[in-house]
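Step one of this worksheet: look at the structure below.
The values are calculated or read from the model by the stated rules, or taken from the named source; none is laboratory data. Source: prediction; values computed, not measured. FYI the Cβ positions are ideal-geometry reconstructions off the backbone, even for glycines, and counts take in every protein chain you see. For the accessible areas, the whole protein counts, side chains as well, though only heavy atoms, and no ligand, DNA or RNA atoms are used. Shrake-Rupley method; radii C 1.70, N 1.55, O 1.52, S 1.80 Å.
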Amino acid sequence: MTTVDIRDLLSGPEPDSAGDAGHTAHPERAGFFTDTSVCIGCKACEVACKEWNAIPEDGLSLTGMSYDNSEGLGASTWRHVAFVEQSVPVRAPDPPPPADPVTPGAEVPRPEGRTELRWLMASDVCKHCTHAACLDVCPTGSLFRTEFGTVVVQEDICNGCGYCVPACPYGVIEQRPDDGRAFKCTMCYDRLGAGQEPACAKACPTESIQFGPLDGLRETAARRVEQLHEAGVTDARLYGHEPDDGVGGDGAFFLLLDEPEVYGLPPDPVVTTRDLPAMWKHAGAAALALLGGVTAAFLGSPAGRGATTVRGRTTARAAARTAATAARAAAHRRGTRR
């Protein structure tokens, strides 16, 4: 018989999340790979997501944070394109040698460097974590794992308790103010069931958003990072692709050109239910210690000692009565024999 450690169900590598959810003969795990190096900030993914899923508008005025009107993911923003403006020193290319070195003024000045603006654009989305804390804490089963390994909210079952909101390490899922229910990206579960790709990936003109089997996307992403490094883009790195990270690997991972914090992503996300077994163990030990302390305090009090004395006297009287009854019965038996 195989022993299962509950901690392995809440954190660590998980090769078959759909199978562990009860799906048999399921397809390969599907996911997103978002290559931010080719994102042009067109917001086609945001529009396609809203149109297909009939999501209400989430603000039509700019926030003052570059060309951003939605600011972040939420109940009515399942795709969010971030515009990160940076002032970074840009090295000027080496000038060509002058055609006539002896001609006065023919030498081209060489600037040491200048400060220029660059935009980092990235389309953020729910990560569809391998170990999804939002799913683990849901008391109604509204959140469930699909046969594609994605995490979906059934809004008709959601009771609006909000437990999933603080459980998400990325701050993705949110309750809609008008009815209190929670909403987030479903990776277009209805489209996947019909053999189609999600609306955002279908609409992306630069293929910044790529959809497919997760293992294949990880291989594609690794090759893309190598290409960028060879081209001199040494800051390129992957985010959320490691199966042994704090959430067991993301079903939607990214190629970034700067630190995760620059894009508003946590640098080291950890599933919030990882330490539940240890927390319950410590809580149980604390409850037992409290119970023992209360019992000791009661027995040491005058009322406790009085109760103990009364119980002792009662027990002694009962024993005496029992002994007397037994003696009378024995005497009676002896008299009967004579």
Item to check | When residues of the stretch 60-81 are limited to those that are over 26 Å from the mean Cα position of the chain (by Cα) and at positive phi, the one least open to solvent (accessible area, probe 1.4 Å) | outcome: S66
Checklist outcome for this item: D244 fails exactly one of (1) open to solvent by 20 Å² or more (accessible area, probe 1.4 Å); (2) touching a Leu at 6+ places or on another chain (Cβ under 8 Å); (3) more than 21 Å from S37 (Cβ to Cβ); (4) not small (G, A, S), namely (2)
Next on the checklist: With the requirement that a residue be modelled with pLDDT of 95 or more and among the charged types (D, E, K, R), what does the stretch 175-214 give you?
Outcome noted: R181, K184, D190, R191, E197, K202, E207
Next on the checklist: For the stretch 154-194, give me the residue count where each residue is open to solvent by less than 10 Å² (accessible area, probe 1.4 Å) and assigned to a strand (DSSP E or B).
Outcome noted: 1
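The rows are residues; the columns are (1) modelled with pLDDT of 75 or more; (2) surrounded by fewer than 19 Cβ atoms within 10 Å (Cβ to Cβ); (3) touching a Pro at 6+ places or on another chain (Cβ under 7 Å).
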{"position": "P104", "(1), (2), (3)": "no, yes, no"}
{"position": "E107", "(1), (2), (3)": "no, yes, yes"}
{"position": "E112", "(1), (2), (3)": "no, yes, no"}
{"position": "R118", "(1), (2), (3)": "yes, yes, no"}
{"position": "M121", "(1), (2), (3)": "yes, no, no"}
{"position": "K127", "(1), (2), (3)": "yes, no, no"}
{"position": "L135", "(1), (2), (3)": "yes, no, no"}
{"position": "C138", "(1), (2), (3)": "yes, no, no"}
{"position": "F144", "(1), (2), (3)": "yes, yes, no"}
Next on the checklist: I need a count of the residues in the stretch 131-153 that are among the hydrophobic types (A, V, I, L, M, F, W, C), more than 21 Å from G193 (Cα to Cα) and either part of a strand (DSSP E or B) or out of contact with any strand residue (DSSP E or B) (no Cβ under 8 Å at 6 or more places or on another chain) (or both).
Outcome noted: 3
Item to check | Qualifying positions in the stretch 252-271 - buried (at least 22 other Cβ atoms within 10 Å of the Cβ) and modelled with pLDDT under 95 | outcome: V271
Item to check | Every residue from the stretch 200-225 that is over 23 Å from the mean Cα position of the chain (by Cα) and open to solvent by less than 30 Å² (accessible area, probe 1.4 Å) | outcome: C204, V225
Item to check | the stretch 162-185 residues that are of a type in the set (S, T, Y), paired with ones that are open to solvent by 50 Å² or more (accessible area, probe 1.4 Å) (beta carbon under 9 Å, 6 or more apart) | outcome: Y163/P139
